[in-house]
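Q: I have a structure here, written as structure tokens, and I will follow up with some questions on it.
The values are calculated or read from the model by the stated rules, or taken from the named source; none is laboratory data. Values in this document were obtained by computation on a predicted structure and should not be read as measured data. No Cβ is skipped: glycine too gets one built from the backbone with ideal geometry, and neighbour counts run over all protein chains shown.
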Amino acid sequence: MLDVVVIGSGVIGLTSALRLQREGARVAIVTADPPLSTTSAVAAAVWYPSGVADGSRVRAWSASTFAELARQAAGETPGVTMRTTRMLTHQDTPDVPWWGAPVSDLRRLEPAELAELAAPYAGGWEFTAPCVEMPVYLALLLDRFLEAGGELIQQRLNTLEQVRGWASTIVNASGLGARRLCDDQALHPVRGQVVLVRNPGLTTSLRVQDNSAGYTYVHPRSTDVVLGGTFDEGSWDTAVDPQTARSILRRCTALVPELRGADITGQLVGLRPARHGGVRLEADDQTLPGTRLVHNYGHGGAGVTLSWGCANTTAALIGATS
Ligand SMILES: Cc1cc2nc3c(=O)[nH]c(=O)nc-3n(C[C@H](O)[C@H](O)[C@H](O)COP(=O)(O)OP(=O)(O)OC[C@H]3O[C@@H](n4cnc5c(N)ncnc54)[C@H](O)[C@@H]3O)c2cc1C
């Protein structure tokens with residue numbers, strides 16, 4: 001007999017499931033797509049709370065996820081590393097960013113460091129943050145889940161009602177799928193397109209948020225580099241747009257000239273599960289009377305950054321009602 005059914009095998013579903021297994025729960029995941037076909041597999045995925053509004057819960061979730069991923073990196077968990085990250089701006093931003101608390105080495109870039117860059121920037125910050133290679137990490141999380149006795153069921157649900165009776169507790173980690181499953185019109189896609197190129201030897205992550213030509217980032221991984229990106233609010237288009245790809249390559253090469261001529265190894269599009277009003281992480285006693293239901297969805301551009309913190313809260317909500 002199962003204790004918990006988790007809907008979704010993205011980073012939110014898998015971390016929730018693993019966290020609940022740690023409490024001794026027997027858990028199954030039901031998912032329309034396998035982990036490597038989710039939005040989570042497309043994520044860049046650098047710790048950084050982008051595309052989510054500031055708030056005490058977001059600060060706490062991102063801080064505890066930072067700590068957990070740093071611990072995993074120190075333990076040489078495959079796919080997780082700590083990497084130097086630079087955030088560059090065209091406007092000078094002297095105020096310490098709101099998300100800075102868990103980052104022990106956050107510092108402003110010196111004028112001399114800005115002067116060395118390939119293009120002019122007014123300001124910038126440097127810090128060390130966890131970076132996750134999602135195809136490796138999701139496969140690892142799935143292995144750990146299965147090794148601990150978990151079951152993965154591939155099935156697209158039309159309603160939450162379909163899983164009633166499977167277990168006493170349901171965790172809804174269906175990302176953008178919750179728009180239909182919960183009729184949640186606040187949930188909407190923010191389309192992200194990336195280009196993957198062979199890594200010419202880069203080790204520092206870079207991002208420029210206020211580039212008038214588009215949000216630009218260069219995130220090196222072990223063998224490739226993720227180049228982005230786009231934040232297309234409300235777009236459901238999952239096809240790669242060649243013109244957008246050219247623009248990404250142009251912007252990233254201007255930022256890091258070493259990328260010129262790098263072999264393209266992949267092009268991906270993912271739909272971030274953004275939600276007006278922020279992440280929905282709460283117990284719901286109304287929808288499936290007699291079943292404990294906890295929603296954990298709507299993480300926008302920060303699902304990896306918030307994942308382990310949200311998994312802790314999910315476990316606490318279930319513990320509080322069991
Ligand atoms: C280009 C790009 C770059 C990104 N970069 C970063 C980054 O650097 N840092 C960061 O923190 N975040 C980043 N993100 C955001 C991050 O990818 C998302 O916030 C995160 O993947 C959301 O995880 P999730 O598990 O909620 O959703 P998903 O990964 O979408 O998983 C949802 C799961 O629910 C299942 N599901 C949905 N509907 C149903 C249904 N009806 N029945 C059964 N199963 C269902 C799906 O099959 C899937 O398994 C990025 C995203 C994109 C697209």
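Q: I'd like the full set of residues that are within 17 Å of the chain's Cα centre (by Cα) and not in a loop (DSSP other than H, G, I, E, B), limited to region 78-106.
A: Val80, Thr81, Met82, Arg83, Thr85 - these are the residues of region 78-106 that are within 17 Å of the chain's Cα centre (by Cα) and not in a loop (DSSP other than H, G, I, E, B).
Q: So, one more: Looking at region 153-173, is at least one residue surrounded by fewer than 18 Cβ atoms within 10 Å (Cβ to Cβ), under 18 Å from the mean Cα position of the chain (by Cα) and outside any strand (DSSP E or B)?
A: no
Q: Check off (1) under 29 Å from Ala70 (Cα atoms); (2) away from the ligand (no atom under 14 Å from the Cβ) for Gly192 and give me the number that stays unchecked.
A: Gly192 satisfies every listed condition except (2).
Q: Restricting to region 284-303, name every residue that is of a type outside the set (A, V, I, L, M, F, W, C), within 15 Å of the ligand (Cβ to nearest atom) and in a strand (DSSP E or B).
A: His295, Asn296, Tyr297 - these are the residues of region 284-303 that are of a type outside the set (A, V, I, L, M, F, W, C), within 15 Å of the ligand (Cβ to nearest atom) and in a strand (DSSP E or B).
Q: May I ask you to list the residues in region 268-283 that are in contact (Cβ under 8 Å) with a residue 40 or more places away in the chain, more than 15 Å from Pro49 (Cβ to Cβ) and more than 11 Å from the ligand (Cβ to nearest atom)?
A: Listed by number, the residues that qualify are His276, Gly277.
Q: So in region 5-41, with the set limited to residues that are buried (at least 18 other Cβ atoms within 10 Å of the Cβ) and over 17 Å from Tyr297 (Cα atoms), which one is nearest to the ligand (Cβ to nearest atom)?
A: Ala28
Q: Still on this model: Going by the conditions given, is Thr230 surrounded by fewer than 21 Cβ atoms within 10 Å (Cβ to Cβ), in contact (Cβ under 8 Å) with a residue 12 or more places away in the chain and under 22 Å from Pro49 (Cβ atoms)?
A: For Thr230, the condition - surrounded by fewer than 21 Cβ atoms within 10 Å (Cβ to Cβ), in contact (Cβ under 8 Å) with a residue 12 or more places away in the chain and under 22 Å from Pro49 (Cβ atoms) - is met.
Q: Out of Gly177, Gly124, I need the residue that is in contact (Cβ under 8 Å) with a residue 60 or more places away in the chain and more than 18 Å from Ala73 (Cα to Cα). Which one?
A: Going through Gly177, Gly124 in turn, just one is in contact (Cβ under 8 Å) with a residue 60 or more places away in the chain and more than 18 Å from Ala73 (Cα to Cα): Gly177.
Q: Additional query: For Ala112, work out the one condition from (1) touching a strand residue (DSSP E or B) at 6+ places or on another chain (Cβ under 6 Å); (2) farther than 30 Å from Ser16 by Cβ; (3) surrounded by fewer than 19 Cβ atoms within 10 Å (Cβ to Cβ) it doesn't fulfil.
A: (1)
Q: Right, next: Just need a number here: residues in region 42-77 that are away from the ligand (no atom under 13 Å from the Cβ), of a type outside the set (Asp, Glu), at pLDDT 95 or above and assigned to a loop (DSSP other than H, G, I, E, B).
A: 2
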